[in-house]
Amino acid sequence: MTRIVISSDHADIELRKTIAAHVASKGFEVEDIGPMTSESTHYPKHGEEAARKVASGEADLGILVCGTGQGIMMAANKVKGIRCGVCSDTFSARMIRQHNNANMLSMGARVIGEGLALDIVDAFLEAEFERGRHGTRVDMITEIES
Ligand code: RB5
């Protein structure tokens with residue numbers, strides 16, 4: 001079963017919990033690593049924590065939420081092996097899996113509404129990496145890390 005780790009900062013923990021419940025309802029194994037309160041926190045540590053679980057293989061994919069989706073994505077992408085994109089539309093969510101083999105999705109709770117966020121999550125989780133020439137390019141991204 002595909003294991004999904006989900007995290008956020010304080011910008012919208014309710015959206016994160018809704019996403020976690022939605023993903024679990026689709027049959028995925030979900031680990032929601034918080035935070036559990038809306039107390040102001042720091043997105044880099046939450047992005048890093050989730051990214052380390054994906055990079056280590058503890059989780060297969062990760063989903064992140066912060067105000068814009070940008071800061072937590074930047075933090076996640078600092079972890080070796082992470083390919084995280086911010087999405088505000090379903091086309092991009094599908095393409096970051098199909099072409100970029102993204103292993104994490106980030107969204108901005110102050111940018112999109114709940115309905116779109118759930119559609120984006122579905123598009124991300126349902127898409128598959130196409131490999132071929134896209135594999136060559138993703139390998140080139142990985143080479144930059146070494
Ligand atoms: C927190 O106010 C906000 O800066 C954060 O959620 C995120 O948008 C950063 O990129």
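Miscellaneous remarks
- Taking amide hydrogens as placed 1.01 Å from N in the peptide plane, the amide H of Ser106 sits under 5 Å from those of Leu64, Gly85, Val86, Cys87, each at least 5 positions away in sequence or on another chain.
- Sorted by Cβ density within 10 Å, fewest first, the residues His46, His134: His134, His46
- Cleavage-rule hits, trypsin sites (Lys or Arg not before Pro), the stretch 39-146, DSSP coil, Cβ neighbours within 10 Å at most 16: Lys78, Lys80, Arg110, Arg131
- Each residue in Ile13, Ile144 was given a count of other beta-carbon atoms within 10 angstrom of its own, and listing them fewest first yields Ile144, Ile13.
- In this rough spin-label picture, where each label sits 7 Å from Cα along the Cβ direction, the Asp119-Glu29 distance is 3.2 nm.
- Over the stretch 26-146, relative contact order from alpha-carbon pairs under 8 Å, at least 6 apart, %: 23 percent
- Sorting Met104, Met95, Met73 by the number of Cβ atoms found within 10 Å of their own Cβ, with the fewest placed first, yields Met95, Met73, Met104.
- His134 paired with Ala21, simple spin-label distance in nm, labels 7 Å along Cα-to-beta-carbon: 3.2 nm
- If you run the Gaussian network model on the chain, springs between alpha carbon atoms under 10 Å, then out of Glu49, Glu39, Glu58 the most flexible one is Glu39.
- Using the Cβ of Ala127 as centre and a radius below 11 Å, the other residues enclosed give a net charge of -2, where K and R count +1 and D and E count -1.
- Estimated from helical segments only, the mean residue ellipticity of the chain at 222 nm is -14000 deg cm²/dmol, where each DSSP H run of four or more residues counts as -39500 (n - 2.57).
- Measuring r between the beta carbons of Val111 and Asn77 and using R0 = 25 Å, the FRET efficiency lands at 0.85.
All of the numbers you see were taken from the coordinates with simple rules; none came from a lab. Keep in mind that what you see is a predicted model, and the values were worked out from it rather than measured. Neighbour counts run over all protein chains shown; Cβ positions are idealised from the backbone, glycine included.
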